[in-house]
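A.B. asks: Take this structure first; my questions come after.
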Amino acid sequence: MQDGIALSNGRFLPARWWRFEFARSGGPGGQHVQTADTAVRLRFDLVRCDVLAGSVKARIVDAKPGLITEDGELLIRVEATRSRAQNVEIALQRLTAIVEEGLIVPKQRRATQPTKASNTRRLGGKSKRAEVKSGRGRVRED
């Protein structure tokens, strides 16, 4: 098992902040499924982790609210394969992806005004459309 994950910002996420739980996996697989605990639940202690900044934790909670427990743990469940080792690897890859996603600081949107030319084009298109629609009325005999 790994002793941690290297993050893109040069930090290291130690393994002491997560733990694995194993359970029986559902789905097909014959007798093997009924005897082996291959499903993996990875619990990452997001609240108490001192490696991640508060803003990163907040972005993770905002992005994945359904994965956060009441205790502030990030819960990842994997039962993609019949191999426990492969499921552990997939869970760690998902954890890495979620943390990396949280490390990305979103760009601040700056409010802009539409240009005069774009306003003119928009209003011109509206008046053309109004002319077309007004020509669809009943024909009067004068």
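No lab work stands behind these numbers, since they all come straight from the coordinates. Just so we're clear, the structure is a prediction, and the values are computed from it rather than from any experiment. With ideal geometry, Cβ positions are generated from the backbone for all residues, glycine too; neighbour counts draw on all protein chains shown.
A.B. asks: Could you compute the net charge surrounding residue 91? Neighbours are other residues with a C-beta less than 13 Å from the C-beta of residue 91; K and R count +1, D and E count -1.
C.D. replies: Neighbour charge sum, excluding residue 91 itself: +3.
A.B. asks: Let me ask something additional. Considering amide H positions built from the backbone, and no H for Pro or chain starts, which residues 5 or more places from residue 25, or on another chain, come under 5 Å of its amide H?
C.D. replies: Those qualifying (amide H under 5 Å, at least 5 residues apart or on another chain) are 38, 39.
A.B. asks: So, one more: How high is the relative contact order of segment 1-92, in percent, with contacts defined as C-alpha pairs under 8 Å that are six or more residues apart?
C.D. replies: The normalised contact order for segment 1-92 reaches 27 percent.
A.B. asks: Given R₀ = 35 Å, what would the calculated FRET efficiency be for residue 51 paired with residue 111, taking r from the Cβ atoms and rounding to 0.05?
C.D. replies: Result of the calculation: an efficiency of 0.50.
A.B. asks: For a test of the definition: using alpha carbon positions, the gyration tensor, and the 1.5 limit on a/c, classify segment 4-103 as rounded, prolate or oblate.
C.D. replies: prolate
A.B. asks: Additional query: Need the list of aspartates and glutamates near residue 57 for cross-linking: C-alpha distance under 19 angstrom, and skip anything on the same chain fewer than eight residues off.
C.D. replies: Filter leaves 45, 70, 71, 73, 100, 101.
A.B. asks: Counting only C-alpha contacts under 8 Å and six or more residues apart, can you give the relative contact order of segment 19-142 as a whole percent?
C.D. replies: 22
A.B. asks: For residue 122 paired with residue 86, estimate the spin-label separation in nm (one decimal), with each label point 7 Å from Cα along the Cα-to-Cβ line.
C.D. replies: 5.3
A.B. asks: Ok, one more. Quick one: if you stick a label point 7 Å off each Cα along the C-beta vector at residue 94 and residue 134, how many nm between them?
C.D. replies: 6.1
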